[in-house]
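Worksheet: one structure, shown below.
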Amino acid sequence: MTIIDSWDDITLGIVGLGYVGLPLAVEFGKKLKTVGFDISSPRIEALSAGHDATREVSDDMLRDAKHLSFTSDAERLATCDVFIVTVPTPIDDYKRPDFRPLEMASKTIGAQMRKGAIVIYESTVYPGATEEVCVPLLEDSSGLTFNQDFFVGYSPERINPGDMKHRLIDIVKVTSGSTPATADFVDKLYKSIIRAGTYRTTSIKVAEAAKVIENTQRDLNIALVNELALIFNRIDLDTEEVLKAAGTKWNFLPFRPGLVGGHCISVDPYYLTHKAQHVGYHPDVILAGRRINDGMGTFIAERVVKLMTKKGLNVVGANILVLGLSFKENCPDIRNTGVIDIISELRGYNADVDVYDPWVSTYEAKNEYGLTLIDQPEQGRYDAIILAVGHDTFKELGAKRIREFGRNQAVLFDVKALFAIDDSDARL
């Protein structure tokens, strides 16, 4: 079926070296000749020098991947027999799937691949997108025929940025292929590195659907507790106290309210709803959950403004400190962070907002959001402090030290319920 005659003859190309692609390239690079490709020259330079700015892979792990090389030269991919695509699948300003990174990756691979190649996609898409969007581009760019001259697989990524416990090799890998023989090969390939094992599905569409509903389910569960938080705020109840009490029942799910961001949970449901609407179904529940979660940043900002007003603090011209910018704790990833909604809303009141996050690159914050992060908060400066992200750094500071950043009567809002109820003016 392919040009691959021996397992030892394989050269693997990983296209996209972000949070998903790099850990994959490192694991395969311990066993197989692997070419890691990314269009970002600074990213390639840093990785070639042995350092990963995302902190997902240590310098030692990079050194251990002795068969791995890095390049931003697409022509290097011409040496590869198997390709794995790990580029992002974002949404546009209208919440519609933005396939441009995936399309570019497919065209790049198509221009370099040879007869017998296998292209495996890991990027999250709606069911059917691999064969509807990617395969035609591979055919057009290569002049080859699908399932005759080249073959396609799909194995959805399950990377959880910043999670040092659930690593790539310890998470079951869902696999699939465009033919039975391709499915066998894809499954065998991943089994060579995944300690937790693999789960082979019956089709690419099943694998695509499985991935997109994983994050849709989480999104809806978080939306439920966020809506509860909105209700409890109106009846003067602390949400965290209620959830702890309810959590004493054995089958109560331990979800917590908060901002929903990142590359998956805040994005993937829109891929599914896009496909649903395309086939004539309007998904009420999924979109309702998305509306609730997308509105939490505004809700938090408005609560802070009300708390300031009750204390006689004028929000216009106020100095407000936001602690944390990344989309989750102990992670530098700022993609689709909900914190930006808090900042934007407060600036709409003409407040002066400082943002401090020791995990986040100042370059990334400026490049992505136009934000200039401060090096260190100034004591006694702020009228309100919003603890937006639950970094261990902030937890170790403690509520008392954090309050010292504020002036007398400053508001402290604890989004993540990081501290006890009496340590802040309010929690989400």
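The values are calculated or read from the model by the stated rules, or taken from the named source; none is laboratory data. All of these numbers come straight from a predicted model, not from anything done at the bench. Cβ placement follows ideal geometry from the backbone for every residue including glycine, while neighbour counts extend to all protein chains displayed. Surface accessibility is based on the protein's heavy atoms, side chains included, excluding ligands, DNA and RNA. Shrake-Rupley method; radii C 1.70, N 1.55, O 1.52, S 1.80 Å.
A few comments on the model shown:
- Rounded to the nearest 10 degrees, the inclination of helix 100-112 to the longest alpha-carbon principal axis of the chain is 20 degrees.
- C-alpha long axis of helix 284-294 to longest principal axis of the chain, angle in °: 60
- Measuring between their Cα centroids, the range 352-428 and the range 266-298 lie 31 Å from each other.
- Residue (of 332, 280, 313) at the positive-pole extreme of the range 243-332, dipole from beta-carbon charges: 313
- Value at 222 nm in deg cm²/dmol, rounded to 500, when DSSP H runs of n ≥ 4 in the chain each add -39,500 (n - 2.57): -11500 deg cm²/dmol
- The range 266-319 - percent of accessible surface contributed by carbon and sulfur, probe 1.4 Å: 57
- The range 9-118: C-alpha gyration tensor shape, a/c 1.5 cut-off, then a/b vs b/c: oblate
- Length released on extending from residue 146 to residue 94, taking residue separation times 0.36 nm less the Cα-Cα span: 15.5 nm
- Pairs beyond 31 Å (Cα-Cα), from 30/416; 310/400; 244/275; 211/249; 205/416; 173/395: 30/416; 244/275; 205/416; 173/395
- What the Cα atoms of the range 135-182 give is an Rg and a Dmax of 15.3, 44 Å.
- Relative intensity, log₁₀ I(q)/I(0), of the range 226-324 from a Debye sum that treats every alpha carbon as a point, q = 0.22 Å⁻¹: -1.20
- Most mobile listed residue (384, 25, 399) in the chain, GNM with C-alpha springs under 10 Å: 399
- The range 27-115 - percent of accessible surface contributed by carbon and sulfur, probe 1.4 Å: 50
- Average Cα contact separation per residue, the chain, under 8 Å, 6 or more apart, as relative contact order %: 11
- Within the range 223-290, trypsin sites (Lys or Arg not before Pro) in DSSP loop having at most 11 other beta-carbon neighbours inside 10 Å: 249
- Per residue, the chain exposes 45 Å² of solvent-accessible protein surface, assessed with a 1.4 angstrom probe and all protein chains in place.
- Rounded if a/c under 1.5, otherwise prolate or oblate - the chain, Cα gyration tensor axes: prolate
- Virtual spin-label span in nm between residue 396 and residue 282, 7 Å along Cα→Cβ: 5.2
- Shape call, the range 65-167: gyration tensor on alpha carbons, a/c limit 1.5: oblate
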